[in-house]
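Contents: one structure, followed by commentary.
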Amino acid sequence: MHDFVARTEHRLTRFINERLRQQLYRDRARVEVTHWEAPDEPVSFAEATAQTFAPFEVGTPWGPPWGTVWFHVTGTVPVGWGKEADTRPELHVDLGFAGGGTGFTCEANAWSAQGTLIKALEPMNRYVTLDAGPGESFELFIEAAANPVVPSFNWYQPTPVGDKATAGTDPIYVVNTLEVALLDTGVWELSQDVDALRGLMLVLPAESTRRHQILSALEDMMDAVDPHDLAGTAARGREVLRPALESPAGRSSHVVHATGHAHIDSAWLWPVRETIRKCSRTFSNVIALMDEDPDLTFACSSAQQYEWVRDHYPELFERIREKVAEGRFVPVGGMWVESDTNMPGSEAMVRQFVLGTRFFIDEFGFEPKDVWLPDSFGYSGAMPQIARAAGKDSFLTQKISWNDTNTFPHHTFWWEGIDGSRIFTHFPPSDTYNSHLSAEELARSERQFREKGRATHALVPFGWGDGGGGPTREMMAAARRKADLEGSPKVVVDTPAEFFAAAKAEHGHLDTWTGEMYLEYHRGTYTSQHRTKAGNRRSEHLLREAELWWTTAVVREGATWPKEQFDRLWKQVLLQQFHDILPGSSIAWVHHEAEQHYGAIAAELEELIAEAGRILLGAGETPFVLNARPFADHGVPALGVAAATEPRIAEVASSGDGFTLSNEALLVELDANGLVTRLFDRRAGRDLLPPGQVSNLLQLHRDIPNEWDAWDINSHYKQVTRDLTEVVSIATVPGGVVIERSTGASSITETVTLDEAGLHLDFDIDWHDRQKLLKLTLPFALHAREATSEIQFGHLARPTSVNTSWDAARFETVAHRWLHVSEPGYGVALANSCTYGYDTLRTTDGDGNSVTTVRPSLLRAPMFPDPDADQGHHQLSFLLVPGAEVGDAVEAGYAENLPTRVLAGAHGVDPLVTIDNPAVVVEAVKLAEDGSGDVVVRLYESRGGRAAAVLGVGFEHGPVVATDLLERPLATGTRSPLVGQDRLELRPFEIVTLRIGRA
Ligand SMILES: [Zn+2]
């Protein structure tokens, strides 16, 4: 037989474009349009519709960047449309949807004249079904958001549109279409048939019989229909395609559990206020589609987004509540937002789950059992334990498929955390959380699925996402046609819980991945937008202090717990840990707002702490020190208030060519340029500087990644380096020296001081470089095989050598409050106040002289998506502790982040709780979430070994109960770390939550 395959495929393409797509609407008619432009920020339906609307012509521009235009649309469904079978009248709208697609361009909400939200209008969802019959009039409002397209052609071109102040004021969109149109449902169904079969055909092997059969069926269909009258002949075409569509899938088919979804970034290329509207648009889309299509299910994470809808769109929220009760609108994740997991601190990571899961329980009586983080930039090794302790049994992501170097070896596996907890984990092998259920995505799911042969089930979240949008009727049509279709994986529309149950049931043996899931990508997110990160770190520690002192004030003095304030402040902090805010990958608007919020949060918490202090200390003039750390400091007990002994600062001597700082522990020599030339540990009798090297060296690297500027550091950054060895000035201060340097664009003031805690390096930087990475270089004469970094509730070790491609890809890593390098018998800790990015490498001269070099990343200055990211003032500080073990590093980390405070009062305050083993660290002291007045103490084993400890409770109390993170008693039959009422036996890195009843 002659080969006409290519020619027939070409014919099909023209048929689809020229005939099928063009005849979806049988007829069109004009509507009347008037409009009103909101002067600035969005307003409510009631406020908008009370305005005077002016005439508007389709084809004219509307909407300055970030502006809102309300269109009032009235019309009549033509009388003649009533006679047509297989049709339905719709409003058909094109607001000028630009490139970038759903969620990345203008979008709108359609409202009924009575103020009910109907659904959204988006590039791939351009209709509103009209409930008016032939001859009947209709009226509705369209709230159109002129959200600009931020990434023009790439992910690096600087753009001013990310801030209202610089985005301009001219209209950026033109309404192309606003009409009433008669959808031909027969042609639409034929179109879905053709799309399903053509898509499948193109992913099948060229030589496969099935592929040829499908092409023949499509050719027969084209012959059977009249291209000039699809309305009249679509049914005939569908009949021709029926056998090809009814041919069933094979018995061993890959099974795709398709769950409707819409990834809505809580802020990113749009501000938080727009996310609130995005939620309303997406969720109203989902509810409208559910009302049309009984099979649709929808998985939706982030309690924050539900709370926004509850507070801003109560009527829509009630409809969501109904669908949740039906089990179709499914809360997943149980977190407040889909947060970053690299940087949120220990207690904050817990609160993501506590506030998130409690919200779902309180509002819906439903407790999600899965963790849903498809898009966060790497996954902390603490997550399995935290998730399990929050009652979760499954974990979902797919982001690791973005790795730039190594392919992750599993899709369904056990993920084991640093403590040995493990959680059932799945990566959708289609590598997307925004599927359209295309044949290509489904084929990819099967092709890449690493467990195939042993397993058949995979999850595919489908629906427009990142900027929201959600599932469409076309996607549901695709799902239906691929439910049991020869050559295609089977598609079953259900929920993540149903997928996890099926996947768990079929697995006999699963591989295990242990420790962090490092994303080999987006390594700049540990450093970009430093002020946002500093605000997060400060807020986390102020919250700890405020909760500790208020709990103490409630128990000791009968004060009233400021619940509203703590809830509100925590929620703001948790929101800003979203995976594009804390990582620094959002537009300027988002980061300016985040910084303002952090300022307000700090002010409110400082006031709360001062108020608790006044209540606790009583009226008096004696200075007392409040120590919120879990370790005693200068005579003040951990978590207590007492008079303190004075810390002793070092002696400073200057000579013609440098300075010497010295105390009992250390001798530090700096040259006239402020570089450390000697670091001598007196107690250990060893020099820490490698021969011929200097420390405290600032290095400025060229930092122009290939793409994704705020997200990425590429490894080539190291190839162009400038050492900042010159000083503008250097002078002594009490305990040390102050050094001023300049990069030409930026000025850097560093204060180096020595005291009993160690060597302090405090930076005050006025930063005006661009596309540069500033690193602090600290070499040590140490043979450290690993660098140990704090993560939530523990730490993990990463190799300092580069053997494998996995090592090579891990060239920038994250640490919380400290990093520790050691060889047996000796180590050094570097604590920080707000720095997360590090590279740590061991090198040698070849003769066995090892040098371990620790290099924190101080600042970057990417220019996309915020062209002025990181410009301006920054403060950073480090504490270098020679001769430190891991326990000392833990202590230094708390010290650097929880400075003691001095307040005047009448008396000190005994701690509410004491722990007699320094390996066991108190992370939080608070009142129970349920308002019972019980005291909740969260602690953990901090060194990675087993630890026994005695809990001392310093107040009249009832029973002590070990609970999960949600403060519920541990399930019977599970091991309790609490032995009796006051003895604790902790496993390595174990998190323990104790609930202490008040007498
Ligand atoms: Zn995202």
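The values are calculated or read from the model by the stated rules, or taken from the named source; none is laboratory data. Predicted, not measured: the structure shown is a model, and the values here were computed from it. Neighbour counts run over all protein chains shown; Cβ positions are idealised from the backbone, glycine included. With ligands, DNA and RNA removed, areas are computed over all heavy atoms of the protein, side chains included. Shrake-Rupley method; radii C 1.70, N 1.55, O 1.52, S 1.80 Å.
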Checklist outcome for this item: Residue-normalised value, i.e. accessible area per residue, for the chain at 1.4 Å probe, in Å², stands at 36
Checklist entry - Which three semi-axes in whole Å describe the equivalent ellipsoid of region 577-639, each the square root of 5 times a Cα gyration tensor eigenvalue, listed largest first? => result 35, 16, 8
Item to check | Rounded tilt (10° steps) of 303-312 against the dominant C-alpha axis of the chain | outcome: 60
Item to check | Cβ-Cβ FRET estimate between Arg28 and Arg273, R0 fixed at 41 Å, reported to 0.05 | outcome: 0.70
Checklist outcome for this item: Cα-based Rg/(2.2 N^0.38 Å) for region 215-343, rounded to two decimals, is 1.51
Checklist outcome for this item: Ratio for region 823-865, C-alpha Rg to 2.2 N^0.38 Å, reads 1.62
Checklist entry - With all protein chains present and a 1.4 Å probe, how do Trp36, Trp711 order by accessible area, largest first? => result Trp36, Trp711
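Report relative contact order for region 874-979 in percent, whole number only (criteria: Cα-Cα under 8 Å, sequence separation at least 6).
Computed value for region 874-979: 22 percent relative contact order.
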Checklist outcome for this item: For the chain, longest principal axis from Cα atoms; helix 314-325 axis from its Cα atoms; angle between them, nearest 10 degrees, is 90
Checklist outcome for this item: Extension length gain for Ser976 and Ala948 (0.36 nm per residue less Cα distance), in nm, is 8.8 nm
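For Leu978, Leu230, what's the largest-to-smallest order of accessible area, 1.4 Å probe? Can you show the working numbers first?
Working: Leu978 25, Leu230 0 Å².
From most accessible down to least: Leu978, Leu230.
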Item to check | Solvent-accessible area, 1.4 Å probe, carbon plus sulfur percent, for the chain | outcome: 50
Checklist entry - What whole number of Å gives the distance from the Cα centroid of region 324-343 to the Cα centroid of region 367-432? => result 14
Checklist entry - Considering only Cα-Cα distances, which of the following residue pairs are longer than 18 Å: Lys119/Lys164; Lys392/Lys504; Lys718/Lys772? => result Lys119/Lys164
Checklist entry - Quick one: ranking Asp40, Asp755, Asp340 by accessible area, 1.4 Å probe, largest first, what do you get? => result Asp40, Asp755, Asp340
Next on the checklist: Considering only C-alpha atoms, what is the centroid distance from region 444-477 to region 45-64, in Å?
Outcome noted: 39
Item to check | Ser44 versus Arg983: modelled label distance in nm, points set 7 Å from Cα along the beta carbon direction | outcome: 6.1
Checklist entry - FRET efficiency for Met1 and Phe366, Cβ-Cβ distance as r, R0 = 41 Å, nearest 0.05? => result 0.10
Checklist entry - What nm distance separates the two modelled labels at Ser654 and Asp723, each placed 7 Å from Cα along Cα→Cβ? => result 2.4
Checklist outcome for this item: the chain, Kirkwood Rh and Cα Rg, ratio Rg/Rh at 1.01
Checklist outcome for this item: With Thr74 itself left out, Lys, Arg at +1 and Asp, Glu at -1 over residues whose Cβ is under 9 Å from its Cβ give -2
Item to check | Solvent-accessible surface (1.4 angstrom probe) belonging to His873, in square angstrom, nearest 10 | outcome: 90
Checklist entry - When N is the residue count of region 248-321, what does its C-alpha Rg come to as a fraction of 2.2 N^0.38 Å? => result 1.36
Checklist entry - Hey, got the dipole for the chain? About the Cα centre, +1 on K and R Cβ, -1 on D and E Cβ, debye to the nearest 20? => result 1740
Checklist entry - So for region 610-691, taking the charge dipole from beta-carbon charges (+1 Lys/Arg, -1 Asp/Glu), which of Ala665, Ala612, Ile649 sits furthest toward the positive end? => result Ala612
Item to check | Cα-only Debye scattering, region 704-786: base-10 log of I(q)/I(0) at q = 0.12, 0.15 Å⁻¹ | outcome: -0.52, -0.76
Item to check | Cα-centred dipole magnitude for region 832-924, charges only on beta-carbon of K, R (+1) and D, E (-1), debye, nearest 20 | outcome: 180
Checklist entry - Using a Förster distance of 41 Å, how high is the FRET efficiency between Gln157 and Thr622, based on the Cβ-Cβ distance and rounded to 0.05? => result 0.10
Checklist entry - Where the centroid of each part is defined by its Cα atoms, how far is region 724-782 from region 95-147 in Å? => result 56
Item to check | Kirkwood Rh, angstrom, region 754-901 [1 / mean 1/r, Cα pairs] | outcome: 16.1
Next on the checklist: So, taking all protein chains as they sit and a 1.4 Å probe, how much accessible area belongs to Trp513, in Å² rounded to tens?
Outcome noted: 60
Item to check | Residue-span extension gain [Glu246 to Asp223] - 0.36 nm each, minus C-alpha spacing | outcome: 6.3 nm
Item to check | Gain on full stretching of the segment that runs from His716 to Ala98 - 0.36 nm per residue minus C-alpha separation | outcome: 219.0 nm
Checklist entry - Cα axis of helix 588-617 to longest principal axis of the chain: angle in degrees, 0 to 90, nearest 10? => result 50
Next on the checklist: Give me the three principal axis extents of region 535-684 from the C-alpha atoms, as integers in angstrom, largest value leading.
Outcome noted: 58, 48, 28
Item to check | Gyration tensor (Cα) of region 839-951, equivalent ellipsoid semi-axes in angstrom | outcome: 36, 26, 16
Checklist entry - Which value, in Å² rounded to 10, gives the accessible area of Leu355 with a 1.4 Å probe and all protein chains present? => result 20
Checklist entry - Which part of region 252-277 falls in the paramagnetic zone of Asp484, meaning amide N under 14 Å from the point 7 Å along Cα-to-beta-carbon? => result 252-253
Checklist outcome for this item: Charge tally for neighbours of Leu510 with beta carbon under 13 Å away, counting Lys, Arg as +1 and Asp, Glu as -1, is 0
